[in-house]
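Trainee: Pasting in a structure now, in structure tokens, and then I'll have a few things to ask.
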Amino acid sequence: MKLIFFGDGLEGELVRGYRCERVAALPAVPELVSARLLEQADAVIIGRVGPDLLEPLARAIRATGWTNRKVVAVVPPQGMLPPALLVDLVAQGKDEKEDAERVAATLGLPRRPNADTLFVAVGQNKGGSGKTTTAANLAGYLTMLGRRVLLIDANVDDGKVRQAVGLPAKTTLTVYHVLAEVGTTLGLTVATFQANTYGVDLAKRARESRAVDMGPLTVEGELRVLLAPAGVGEYQPATLEEVREMYITARSVYEVVVVDLGIDYQRNSLVPMAIQEADVIVLPCPPQVYALQDVDNSRVVVQMARGGSGAHVAVAAPIFVLPTMASPRLLDMYKDLGLPCLPPVMRNDEEAELLAQLGVPAVILNKSAIGRDYRKSFEELMRKIGRDEAGRRQKPGPGGGE
């Protein structure tokens, strides 16, 4: 959307944060308004200007005959304009950032994706492979290190993220409550995500459960969870474009987005778009009887990520295997696929069962052997993709390298 700004302060926040283009930014002087100027834009934004200028400026805009497009004015709570001027009034917020969000909501401007946001897709082409456990632990790991994280359950057939982070069974808000906002006049906003996601205090959960004996680590960040529908009966298909819009907005709102992929790639539009949007893809590989079979299952995910299986997506995101057993034969098979392996997470069945019952990710527990393995694997993952241990993009050094 092309915008003309009159007044001070809003153009920077809007152009940086939302998908729009600045045609001109001018002082709030009515004499600067012209039909030739306005015909270049889709909307006019009037910033915080005094009442002595607001009405003359609005009248000058409407006098050009420019009546079919939006004029939005940011005004104090008591600010008013004659209805005949057809101006959308936005109440002045506490700062320019809040003003920009309110104007963007009025215009339906989508947020720009944040290039520094880390987007991770965790998937495998079968159930029981450790997808959800890995996704929950990765989200917990980055939350522990101070990041603002959104964990999305994209498994519409059998989502388990709720249990993995200990949310109660009565939780009812799902990903489709967010998707319902795509295409509305308000569009997706921070408030939409906050209203339809659940906050999880991981350290508190650990302290209040039997996991307290395992030494909960300090958690500095914020974790919010966006759940999948409870079952196939609640499945509501969404178009690829709608899902893409949700993921792009998630990038702009959160510092890290982790998606636990479902295994139904044909009718679940959440999966191929997460693979397309991802900065990195992680394939957990379960132990023992499933391990060799999952090399074949991994081929399906890899094929889809590289544009096959009718998914209509093609990405260049690096793909890593996270094995849960140290099998030389298995590692060689993945090497033949061209997939590097992260340090393995050695599964302890007794400990894993306890943590699954408690709904506490092992990675935030100092005395958890599984947690230590996960931390080691995630540290290596961040190093391999050029991020610091908390997933922040590394700044080039003096010589231009990472």
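The values are calculated or read from the model by the stated rules, or taken from the named source; none is laboratory data. All figures in this text were calculated on a predicted structure; none of them were measured in a lab. When we count neighbours, we look across all protein chains shown, and the Cβ atoms used for this are built from the backbone with ideal geometry, even at glycine.
Trainee: Under 21 Å from D99 (Cβ atoms) and assigned to a loop (DSSP other than H, G, I, E, B), is that true of R48?
Mentor: yes
Trainee: Suppose we filter the range 187-228 for residues that are in contact with a Leu (Cβ under 7 Å, 6 or more places away or on another chain), over 25 Å from L173 (Cα atoms) and of a type in the set (D, E, K, R); how many remain?
Mentor: Matching residues across the range 187-228 total 2.
Trainee: Take A105 and decide whether it is out of contact with any strand residue (DSSP E or B) (no Cβ under 8 Å at 6 or more places or on another chain) and either more than 30 Å from L322 (Cβ to Cβ) or modelled with pLDDT under 80 (or both).
Mentor: yes
Let's see how each residue does on (1) small (G, A, S); (2) in the same structural domain as G221 (by TED's automatic domain parsing); (3) surrounded by fewer than 20 Cβ atoms within 10 Å (Cβ to Cβ):
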residue	(1), (2), (3)
V149	no, yes, no
A169	yes, yes, yes
L173	no, yes, yes
V182	no, yes, yes
R207	no, yes, yes
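Trainee: Further question on the same structure: When you go through L37, L32, L10, L3 one by one, which is the residue that is among the aliphatic types (A, V, I, L, M) and at pLDDT below 85?
Mentor: Just one listed residue meets the conditions, L10.
Trainee: When you scan the range 85-141, how many residues do you find that are assigned to a helix (DSSP H, G or I), surrounded by fewer than 20 Cβ atoms within 10 Å (Cβ to Cβ) and either within 16 Å of the chain's Cα centre (by Cα) or charged (D, E, K, R) (or both)?
Mentor: 4
Trainee: Turning to a different aspect of this structure: Kindly establish whether V225 is under 30 Å from R19 (Cβ atoms), in a strand (DSSP E or B) and either modelled with pLDDT of 85 or more or not assigned by TED's automatic domain parsing to the domain that holds E245 (or both).
Mentor: yes
Trainee: Which of the residues spanning the range 176-213 are among the β-branched types (V, I, T) and either more than 18 Å from E245 (Cβ to Cβ) or out of contact with any helix residue (DSSP H, G or I) (no Cβ under 7 Å at 6 or more places or on another chain) (or both)?
Mentor: Matches in the range 176-213: T184, T185, T197, V200, V212.
Trainee: Hey, can you tell me all the residues within the range 27-37 that are surrounded by 15 or more Cβ atoms within 10 Å (Cβ to Cβ) and out of contact with any Lys or Arg (no Cβ under 8 Å at 6 or more places or on another chain)?
Mentor: Once the filter is applied, which keeps residues that are surrounded by 15 or more Cβ atoms within 10 Å (Cβ to Cβ) and out of contact with any Lys or Arg (no Cβ under 8 Å at 6 or more places or on another chain), the range 27-37 yields A28, V33, L37.
Trainee: Return a yes/no flag: does the range 127-137 have any residue that is over 20 Å from G371 (Cα atoms) and in contact with an Asp or Glu (Cβ under 7 Å, 6 or more places away or on another chain).
Mentor: Yes.
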